[in-house]
Amino acid sequence: MGKTIISEGKTTNEAIEKGLKELNVSRKMVDIKVLESEDKRSFFSILAPRVVKIEMTLKDEIEEKKAEIKPKKEIILSEEEQEKAEENVKIFLEELKVNLPENTTYNIKKDKSAIFVEINSEKLGFLIGYRGETLYAMQNILSSIAGKGIENRVRVILDIEGYKAKREKTLEDLAEKVARTVMKTRKPVKLEPMQAYERKIIHSKLQSNSKIDTTSIGEEPYRRIVISLKK
């Protein structure tokens, strides 16, 4: 069952709006149950302040978190498919290299699950982009190129100047730091919006922490993680 909160307001709509603001989600992402309606007021409470209570529960919160940390089903490539995929990627990179800094090098490795590509130089920040957005877009392009003439979907894992390892370390350090803050203050902390692969790193890093819970809220591309104490 997803995270549940109780929200109050002078009207049902006001209570709902307050709850949505607290959870930082849209209305379609929650189940709403009215606990105390403005219509259910007795004669003796007529002079009391009007209060409407609702129960608001995030939909499929646990299922989604499991999906984010669950590894995808592996596709097995034959040796022939590996060779074809590698050749496809190599042709593309040779053409791309003409437009990159002179000292740019690349390395391609292959196995039955994926094609691994590393591109290195001193001035390739423009191929990484903000928080790796360009890198991951290029990775998707390479996956399409690698799969040309191949029946199976080919997964390409691209890294540029060791960015992925550095970013993963940064996110894991962030997860531990925020978890310590949450345990100390006992207050939840919302992280900035992240892409799905970054949220997966945070979830995975903290899933073994018996005191901490991680929840994804909001809609893409503003989806983010909330780190809080387990109830």
Self-check item: Subset of the range 94-114 [under 29 Å from the mean Cα position of the chain (by Cα) and either of a type outside the set (Val, Ile, Thr) or modelled with pLDDT under 95 (or both)]
Solution: Tyr106, Asn107, Lys109, Lys110, Asp111, Lys112, Ser113, Ala114
Quiz prompt | Counted residues, the range 132-163 - those being part of a helix (DSSP H, G or I), touching a residue at least 12 places away in the same chain (Cβ under 8 Å) and not small (Gly, Ala, Ser) | solution = 8
Practice problem: Please enumerate the residues belonging to the range 4-35 that are surrounded by 14 or more Cβ atoms within 10 Å (Cβ to Cβ), more than 28 Å from the chain's Cα centre (by Cα) and not in a strand (DSSP E or B). | Solution: Thr12, Glu14, Ala15
Self-check item: Subset of the range 198-223 (residues that are in contact (Cβ under 8 Å) with a residue 40 or more places away in the chain and among the charged types (D, E, K, R))
Solution: Glu198, Arg199, Lys200, Glu219
Quiz item: Among the numbered criteria (1) surrounded by 13 or more Cβ atoms within 10 Å (Cβ to Cβ); (2) aliphatic (A, V, I, L, M); (3) at pLDDT 85 or above; (4) closer than 19 Å to Ile141 by Cα, which single criterion is violated by Ile75?
Solution: (3)
Practice problem: Within the range 87-131, count every residue that is without any contact (Cβ under 8 Å) to a residue 40 or more places away in the chain, of a type outside the set (Phe, Trp, Tyr) and not in a strand (DSSP E or B). | Solution: 24
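Every residue, every condition in (1) closer than 21 Å to Glu198 by Cβ; (2) exposed (fewer than 15 other Cβ atoms within 10 Å of the Cβ); (3) out of contact with any Phe, Trp or Tyr (no Cβ under 6 Å at 6 or more places or on another chain); (4) not assigned by TED's automatic domain parsing to the domain that holds Met194, yes or no:
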residue: Leu93; (1), (2), (3), (4): no, no, no, yes
residue: Pro101; (1), (2), (3), (4): no, yes, yes, yes
residue: Tyr106; (1), (2), (3), (4): no, no, yes, yes
residue: Lys112; (1), (2), (3), (4): no, yes, yes, yes
residue: Phe116; (1), (2), (3), (4): yes, no, yes, yes
Exercise. Select from the range 128-148 the residues that are among the charged types (D, E, K, R) and loosely packed, with under 15 Cβ neighbours inside 10 Å and list them in ascending order.
Key: Glu133, Lys148
Exercise. Only residues that are in contact (Cβ under 8 Å) with a residue 24 or more places away in the chain and of a type in the set (S, T, N, Q): list them for the range 164-197, please.
Key: Gln195
Exercise. Could you list all residues from the range 204-231 that are assigned to a helix (DSSP H, G or I) and crowded, with 19+ Cβ neighbours inside 10 Å?
Key: Lys205, Leu206
Exercise. Considering only residues that are surrounded by fewer than 20 Cβ atoms within 10 Å (Cβ to Cβ) and touching a strand residue (DSSP E or B) at 6+ places or on another chain (Cβ under 9 Å), look in the range 149-158 and name the one that is nearest to Glu118 (Cα to Cα).
Key: Ile157
Quiz prompt | Extreme residue, surrounded by the fewest Cβ atoms within 10 Å (Cβ to Cβ), among residues of the range 175-199 that are out of contact with any strand residue (DSSP E or B) (no Cβ under 8 Å at 6 or more places or on another chain) and acidic (Asp, Glu) | solution = Glu176
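Based on this model, can you work out whether Lys187 counts as outside the structural domain of Asn24 (by TED's automatic domain parsing), charged (D, E, K, R) and outside any loop (DSSP other than H, G, I, E, B)? Outline the logic, then answer.
Working: outside the structural domain of Asn24 (by TED's automatic domain parsing): yes; charged (D, E, K, R): yes; outside any loop (DSSP other than H, G, I, E, B): no.
No: the conditions fail for Lys187.
The values are calculated or read from the model by the stated rules, or taken from the named source; none is laboratory data. Worth saying up front: this structure is predicted, and the values here are computed from it rather than measured. As a convention, Cβ positions derive from the backbone with ideal geometry for all residues, glycine included, and neighbour counts pool all protein chains shown.
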